[in-house]
Amino acid sequence: MSWKKSKFASSLMSLFGDPVPDPNPESRIKEIRQAMLDSLASLGESHHLTRVWARILYAPDIQALWYLRTEMMILLAGLLGESAAKAQLVTITDMFSGLLPSAQRSRPNRLGK
């Protein structure tokens, strides 16, 4: 009976609030971390790249990885151009869905770009 109650409660809460948290966030965090590192893997070696790589590798939680997207964008935009950097980060940003509080998520772009 408790399973039905919890399923009903989570369904009801999903209508009114944030999505139900992922039951296995650690595996998703590992996937996000790996995607971030993979996007940097093809770049040439530099001091800034090494620093960002290490910060991603040793980020303690999902919030730290979320904020490291900014450093990735700066690094990627400088080496690949802004449109290529944005294309890579859109995919990574989508991976954070359901892992962050709603106040921390990106807002929709008003310009439609």
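The values are calculated or read from the model by the stated rules, or taken from the named source; none is laboratory data. As the structure is a prediction and not an experimental result, all values here were calculated from the model. Here the Cβ positions follow ideal geometry from the backbone for every residue, glycine too, while neighbour counts run over all protein chains shown.
Just a few scattered comments:
- If you go through region 42-98 and pick out every residue that is farther than 27 Å from Ser27 by Cβ, modelled with pLDDT under 90 and not in a helix (DSSP H, G or I), you end up with 3.
- Screening the candidates Asp38, Asp61 for the property of being of a type in the set (Asp, Glu) and surrounded by 11 or more Cβ atoms within 10 Å (Cβ to Cβ) yields one hit, Asp38.
- Residues considered: Leu37, Leu12. Of these, the only one that is out of contact with any strand residue (DSSP E or B) (no Cβ under 8 Å at 6 or more places or on another chain) and at pLDDT 90 or above is Leu37.
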